[in-house]
1. Please enumerate the residues belonging to the stretch 234-279 that are in contact with a Cys (Cβ under 8 Å, 6 or more places away or on another chain), hydroxyl-bearing (Ser, Thr, Tyr) and in a strand (DSSP E or B).
2. For residues in the stretch 308-318 being in contact with a strand residue (DSSP E or B) (Cβ under 8 Å, 6 or more places away or on another chain) and over 13 Å from Trp332 (Cβ atoms), which is surrounded by the fewest Cβ atoms within 10 Å (Cβ to Cβ)?
3. Would you check which residues across the stretch 295-313 are farther than 12 Å from Asn473 by Cα, under 17 Å from the mean Cα position of the chain (by Cα) and in contact (Cβ under 8 Å) with a residue 60 or more places away in the chain and list them?
4. Filter the stretch 474-513 for residues that are farther than 27 Å from Tyr330 by Cα, of a type in the set (A, V, I, L, M) and within 11 Å of the ligand (Cβ to nearest atom); which is surrounded by the fewest Cβ atoms within 10 Å (Cβ to Cβ)?
5. Within the bounds of the stretch 23-37, is there any residue that is crowded, with 21+ Cβ neighbours inside 10 Å, out of contact with any Lys or Arg (no Cβ under 9 Å at 6 or more places or on another chain) and closer than 22 Å to Ser69 by Cβ?
6. Could you figure out which of (1) part of a loop (DSSP other than H, G, I, E, B); (2) modelled with pLDDT of 95 or more isn't true of Leu282?
7. Taking Lys231 as the residue in question, decide whether it is in contact (Cβ under 8 Å) with a residue 60 or more places away in the chain, in a loop (DSSP other than H, G, I, E, B) and of a type in the set (Lys, Arg).
8. Could you tell me whether Glu64 is within 30 Å of Val33 (Cα to Cα) and without any contact (Cβ under 8 Å) to a residue 60 or more places away in the chain?
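The values are calculated or read from the model by the stated rules, or taken from the named source; none is laboratory data. These numbers were taken from a predicted model, which means no experiment stands behind them. Positions of Cβ are generated from backbone atoms using ideal geometry, with glycine treated the same way; all protein chains shown enter the neighbour counts.
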Amino acid sequence: MINENLLNKIPQSYWLESTGRTNYPTLNEDIDVDVLIIGGGMVGLLTAYQLKGQVAKLTIIEAERIVESTTAHTTAKITSQHGLIYHKLISKLGRNLAEQYAQANELAIGHIKEIIDENKIDCDFETQAAYIYTQDEKYLKQIQAEVEAAQSLGIQAEFVDEIPFPMEVRAGMVFKNQAQFHPRKFLLDLAQIVHKNGVQIYEKTRAIELEEGYKRYVITTDKGSRILADKVIIASQYPFYNKKSMYYGRIYVERSYILAVKAKEDYPGGMYINAEDPPRSLRSLPTEDGELILVVGENHKPGQSEDTNGHYLNLLNFAQDLFTVEAVPYRWSTQDCLTLDGIPYVGQYASDTPNLYVATGFGKWGMTNSMVSSMILSDLINEGKSPFAEVYDPSRKTIAASAKNFLIQNADVAVQLIEGKLSSTEKDVSLKPGEAIIIEIDGEKVGTFKDEEGELHLVNITCTHMGCELKWNKAERSWDCPCHGSRFTYDGDIIQGPAVKPLSFDRDVNTIKKLINENF
Ligand code: FES
């Protein structure tokens, strides 16, 4: 019964459901600014907070509504514990850079708390311990090595052989004094604070082009307005600007899934993640209707999972093994950018683009990494340097050591590009309400979704970013790109970039709909 109800409900994030919507204006005129931030998520707002009062004309533009994309779909764990990372960082990058990463993320936890306290932001902030656990003997040594590595970098890490959760574990590691919160409650208040301090915020204003002028940048928006800026920060998750630095070849994208579960048993406190595959993560979620538990996990590249609903069901099975699940009031999915060496790209966009900055590739650890990004970017803008710039440098030399990963990720993109062009469309299938198929008309692949009223929605499923063929995502009812993760609604509107143009369909729609209705 729970299974059926789960899949009948359209995915919706609790963070969105429990907060009001914003209504900042759209930019319909040309403007001239000192600093432009592209992207009204956690990085954009925190950076604006750090720069407020120091930059005369500071503007944020957001393609849709602020804090509705990545940040509204996170697990919202504020922790420097980013999986089993520190031992790997020391051996791959050396102690100095590993220390920079550890210190930056430890500082970030404190800074988020300071901002909340200073501004008295009511955002369900709670101090929690963060655990990594394993039920698999073969991770025992890795966890021991990780505890030693983290301690040697100044983190208060401890080895544990049991966790407060009622679960048999082989080994674990705890970082105390980590935290969790409600990301939209925090960031919507922060937006009001920066706005009151003179930061202009424009919504429904998508940057579609960036040109390098003489010592300045010109950004064109989808509304036709142009922004002339001395300095520009691209903080829109996957960078849309393709001309420099080949981010499309240095980032890959993964989707994962979240259930908010009501359980009969009490939650013992703490935030958890396992060391092994498939990934599983847990935290509590205080709501007005009582405590829920966030059950998080699964992962796959966008457009590369046949049965997206199955991922929700896998999480439900996991939850049911742990506690008596009484209901699942919310479910949603999320999408993250990952870099080749696991460290985000934060800093100058490319070595020959002075005053153009980027923050991307947080690899599912966006809360502290967003705070760190804001620290680095505001320092670079104000002082031209940051104590954490080297490890996060988007042009770092150490990235060459990850060349193998680069080749694997790009080989996958090449396969998707070619496969999309060769694969045949579905035949002999019927199209039921709520379903989609791909048909071919004069060599053009047409994505066809039938809604509950029987209305057909047609789009050309060639991704407007770099031409890969989109795949249907049944659970979220979207067209997803297997190459760099752009996502579109069944009407072709952009859900998620790097694409900046919606999908179109330029043929005689009525004739084609008639043909489809007769044949499918
Ligand atoms: Fe790059 Fe689709 S997102 S081709």
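1. Result: Tyr252, single match.
2. For the stretch 308-318, the residue satisfying everything is Asn314.
3. Passing the criteria: only Val296.
4. Taking the candidates together, the pick is Val500.
5. Yes, that holds for at least one residue.
6. Condition not satisfied by Leu282: (1).
7. Here the answer is no, as Lys231 does not meet what is asked.
8. Considered against the rule, which asks whether it is within 30 Å of Val33 (Cα to Cα) and without any contact (Cβ under 8 Å) to a residue 60 or more places away in the chain, Glu64 comes out as no.
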